[in-house]
Amino acid sequence: MPSQTDTTKLPELMQQAIEWLVLLRSGDISERETHAFADWLSQDILHAQAFAKAEDLLNDAVNAAQSPRINSSTITDANRTGQKKLTAPLTKPTQISRRHLPADYTRWLAIPLSFAAAWLFAVTLILPEQSHWLDDYLSDYRTKTGELRDIQLADGSRLLLNTNTAVSVDYSESLRHITLHHGHAQFTVAEAANRPFEVGSGGLAIRALGTVFEVYNPGSGEIHVTVQEHAVAVTIENKAHDKEIAQRTQIEVKEGQRLRYNSKGHLTTPETVNLAQANAWQQGRLFMNDRPLSELIAELDRYRTGRIFISDPSLKNLRITGAFSLANPDETLAKVRQVLALQETRLGSWWVLLHR
């Protein structure tokens, strides 16, 4: 890998690629920076090529590091032999610089660090963009990429979890509360007159007034609430505890309707939806009616390992209408690409860059 002085002589694009690669493998990258990298990578095919070249440079450097073997014959027990090997005063660990360490030691240290960097790089860019590791770890029930899971709760209610979803269950004598950390779930509520059933997600409190509804929180800032049977009452969570304010801001969503909530705290007027199309995910299908290509790609990304990038912002707004299979996202992507006359560039086994 080029040294710090060498990088100043590199083309600007290559310097950017190296800087991104170093940040990704540093172990100190935020979710915002991860998304910024995705935007940079998708801006131009040349960015992807520069990043791949930067990867090759770093991989060559890692492969060049050989794991040393400790020679036991060079280890001397000073207490046993009586020989004093120290000829200089002891130094505090914080005072030892890397240049004073033996070369073999630094090469040995590079091996575990390279594995850690590779692991970080994998979980950052191979897992779905909507992954939330801490939520998954703390949740009671979760699904992996491409998995659907049907769960029956203690009161007889059922949860149907779509791909990449995590929920926690908190039942008390007075309330049945479910937290949807992220993802997409359908709730079929068992009747219990004295114990309301409520779902909290992303700032919303959704209370069941009937039987079947679903909540979709992809982590992008917008949440959808769709009702299949009867109705639900939706309130912004930080206002739900003030009964007077809650009554003014509460919106009832009825059967066959969908409500959208954005991160700015606005509840939209419920809209009528086609329930057969809205429920199609349960049969591994997706219906889109005059929606942007970016929305379709975001959905396909939830069902596959890796990432799909779009190189040109103008391509993201191409309008899409049709029924799509979720069983094989890459096959669906290939068909969409052919219809829209797009090209693709594969970056490794998981990344796909769409471009003209």
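The values are calculated or read from the model by the stated rules, or taken from the named source; none is laboratory data. If you're wondering where the values come from, they're calculated on a predicted model, not measured in any experiment. For neighbour counting, all protein chains shown are included, and Cβ atoms are generated from backbone atoms with ideal geometry for every residue, glycine included.
A few notes on this one:
- Strands (runs of 3 or more DSSP E) within the range 149-190 that include 1 or more residues among the small types (Gly, Ala, Ser): 166-171, 176-188
- Considering HIS182, HIS230, the condition of being in contact with a helix residue (DSSP H, G or I) (Cβ under 9 Å, 6 or more places away or on another chain), closer than 23 Å to TRP281 by Cβ, touching a residue at least 12 places away in the same chain (Cβ under 8 Å) and surrounded by 14 or more Cβ atoms within 10 Å (Cβ to Cβ) is satisfied by HIS182 alone.
- When GLU173, GLU147, GLU191, GLU214 are checked against the criterion of being within 19 Å of THR235 (Cβ to Cβ) and not basic (Lys, Arg), a single residue qualifies: GLU214.
- Listed by position, the strands (runs of 3 or more DSSP E) enclosed by the range 258-356 that each have at least 2 residues that are basic (Lys, Arg) are 285-292.
- Qualifying positions in the range 200-227 - assigned to a loop (DSSP other than H, G, I, E, B) and either out of contact with any His (no Cβ under 8 Å at 6 or more places or on another chain) or not assigned by TED's automatic domain parsing to the domain that holds GLN152 (or both): GLY202, GLY203, SER220, GLY221
- Verdict on GLN257 being within 30 Å of ARG337 (Cα to Cα) and modelled with pLDDT of 90 or more: no
- For LEU58: the one exception among (1) in a helix (DSSP H, G or I); (2) at pLDDT below 65; (3) out of contact with any helix residue (DSSP H, G or I) (no Cβ under 7 Å at 6 or more places or on another chain): (3)
- If only residues of the range 185-211 that are of a type in the set (Val, Ile, Thr) and farther than 24 Å from GLY146 by Cβ are counted, the one that is surrounded by the fewest Cβ atoms within 10 Å (Cβ to Cβ) is THR211.
- No other residue among ARG307, ARG356, ARG302, ARG346 is among the basic types (Lys, Arg) and without any contact (Cβ under 8 Å) to a residue 40 or more places away in the chain apart from ARG346.
Matching residues to (1) at pLDDT 75 or above; (2) surrounded by 14 or more Cβ atoms within 10 Å (Cβ to Cβ); (3) in contact with a helix residue (DSSP H, G or I) (Cβ under 7 Å, 6 or more places away or on another chain); (4) among the acidic types (Asp, Glu):
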site: THR5; (1), (2), (3), (4): no, no, no, no
site: LYS9; (1), (2), (3), (4): no, no, no, no
site: LEU21; (1), (2), (3), (4): yes, yes, yes, no
site: GLY27; (1), (2), (3), (4): no, no, yes, no
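- Output for the range 293-351, where each listed residue is closer than 26 Å to GLU55 by Cα, of a type in the set (Val, Ile, Thr) and either buried (at least 19 other Cβ atoms within 10 Å of the Cβ) or modelled with pLDDT of 95 or more (or both): ILE297, ILE308, ILE310
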